[in-house]
Amino acid sequence: MAAAEKARRSMVLDVRAPCDRVLDYIASRSPVEYAAGAAKVLNYSEKKGSYIVYYASTGKGEYRVEISVSPRVDGVAYTFKGAVEGSITIAGLPRGGGCRLYIEAQASGPLIAEYGGEALGRIVNRIVVSTVSKFPAVLMARAPVGRLGDVFIELLELVNMASGGSSRVAVGGTVRSLAINVLEGKIISATGFGEEEAEEKASKLSEMLRTVMGVIESLGWGGVERVVISTRDHVVVASTTGGIATVAILEKKGEE
């Protein structure tokens, strides 16, 4: 039997801070914070040298994933075993007074088969969200390995374009994200929201997206892949694939 095809995600950020500070910050975060982006976490525990995370499955009870963390000379690596088989490596290359951050991820397994490559993408997104919430950063243009349809990349590009293409992406505002089942109005994962708030937002956003998708399709313009909304205080970007939407909300904040 042929091995399952791996999902792949790749990203490069130029972070305006020394590599030791950036990598120390990333390594100081619990890998469960990042891994929780893949799907709804039912429970987790820590044992010597690794973390055990249990994810919800739509029809198979739960998925068990073991995450090991390995420090590297130039960064950190996360290894996944169980319902997810793969790895994420983060490496920093000093550039002047800043750090060019390379993130490479690949994984396969039952959880990836159920939730798609976007489950892996949401883990990468959490690493990026956490990093740019701490340090100014700019997304680097790069031909990625595999499909990079993650909403956060779209968001970074839009914000960077709107600010002239060269200013810092994280302008002091906060970035929050949701992954939701649009058809059922249910939350899959959330970053930056409490449980009740996330469920309320998921329900309302699902209703909005269903309406927008229905109108666009009725006009004969094809299916909706992403929706971008700019308000006075926020930028909202929703990317939809197979009834699953990943929504990123950037709180605007003017330059100081």
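So, GLY220, is that one at positive phi and at pLDDT 85 or above or not?
Judged against the criteria, GLY220 is a match.
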Given the criteria open to solvent by less than 10 Å² (accessible area, probe 1.4 Å) and part of a helix (DSSP H, G or I), does ILE67 qualify? no
Condition first: open to solvent by 20 Å² or more (accessible area, probe 1.4 Å), charged (D, E, K, R) and either modelled with pLDDT of 85 or more or in a strand (DSSP E or B) (or both). Can you find one or more residues in region 132-152 that meet it? no
Looking at region 176-186, which of its residues are in contact with a strand residue (DSSP E or B) (Cβ under 9 Å, 6 or more places away or on another chain), open to solvent by less than 50 Å² (accessible area, probe 1.4 Å) and over 16 Å from ALA35 (Cα atoms)? ILE180, ASN181, VAL182
Look through ALA38, ALA107, ALA77, ALA27 and report the one residue that is hydrophobic (A, V, I, L, M, F, W, C), touching a Lys or Arg at 6+ places or on another chain (Cβ under 8 Å) and not in a loop (DSSP other than H, G, I, E, B). ALA107
Do any residues in region 221-240 that are farther than 15 Å from SER206 by Cβ have Cβ atoms under 6 Å from those of residues that are open to solvent by 60 Å² or more (accessible area, probe 1.4 Å) and in a loop (DSSP other than H, G, I, E, B), where the two are at least six apart or on different chains, and which pairs are they? ASP233/LYS252
Restricting to region 197-227, what's the tally of residues that are open to solvent by 80 Å² or more (accessible area, probe 1.4 Å) and not hydroxyl-bearing (Ser, Thr, Tyr)? 10
Taking the criterion of being polar (S, T, N, Q) and closer than 27 Å to GLY92 by Cα, would at least one residue in region 29-42 satisfy it? yes
Just to be sure, is TYR44 open to solvent by less than 80 Å² (accessible area, probe 1.4 Å) and either at pLDDT 85 or above or out of contact with any His (no Cβ under 7 Å at 6 or more places or on another chain) (or both)? no
Residue selected from region 1-32 under the condition within 25 Å of ILE187 (Cβ to Cβ) and at pLDDT below 90, by the criterion farthest from the chain's Cα centre (by Cα): ALA7
Tally of residues being within 22 Å of the chain's Cα centre (by Cα), under 30 Å from ARG21 (Cβ atoms) and among the acidic types (Asp, Glu) across region 43-88: 1
Return the only residue of LYS60, LYS81 being surrounded by fewer than 17 Cβ atoms within 10 Å (Cβ to Cβ) and either at pLDDT 90 or above or under 17 Å from ALA35 (Cα atoms) (or both). LYS81
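Yes or no, residue by residue, for (1) touching a Lys or Arg at 6+ places or on another chain (Cβ under 8 Å); (2) part of a helix (DSSP H, G or I):
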{"site": "ARG176", "(1), (2)": "no, no"}
{"site": "GLU184", "(1), (2)": "no, no"}
{"site": "ILE188", "(1), (2)": "yes, no"}
{"site": "GLU200", "(1), (2)": "no, yes"}
{"site": "LYS204", "(1), (2)": "no, yes"}
{"site": "LEU209", "(1), (2)": "no, yes"}
{"site": "VAL215", "(1), (2)": "no, yes"}
Could you check region 28-41 and list, in sequence order, the residues that are open to solvent by less than 50 Å² (accessible area, probe 1.4 Å) and not hydrophobic (A, V, I, L, M, F, W, C)? SER30, PRO31, TYR34, GLY37
Could you please find all residues in region 84-117 being more than 17 Å from VAL138 (Cβ to Cβ), open to solvent by less than 60 Å² (accessible area, probe 1.4 Å) and of a type in the set (Gly, Ala, Ser)? GLY86, SER87, ALA91, ALA105, ALA107, SER108, GLY109, GLY116, GLY117
Considering only region 239-246, I want to know if a residue exists there that is exposed (fewer than 15 other Cβ atoms within 10 Å of the Cβ) and modelled with pLDDT of 75 or more. yes
Any residue in region 4-27 that is closer than 20 Å to ARG122 by Cα and open to solvent by 30 Å² or more (accessible area, probe 1.4 Å) sitting within a Cβ distance under 6 Å of a residue that is assigned to a helix (DSSP H, G or I) and not aromatic (Phe, Trp, Tyr)? List the pairs, counting only those 6 or more apart or interchain. TYR25/LYS134
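The values are calculated or read from the model by the stated rules, or taken from the named source; none is laboratory data. What you see is a predicted model; the values in this text were computed from it and never measured. FYI the Cβ positions are ideal-geometry reconstructions off the backbone, even for glycines, and counts take in every protein chain you see. Ligands, DNA and RNA are excluded from the accessible area calculation, which covers all protein heavy atoms including side chains. Shrake-Rupley method; radii C 1.70, N 1.55, O 1.52, S 1.80 Å.
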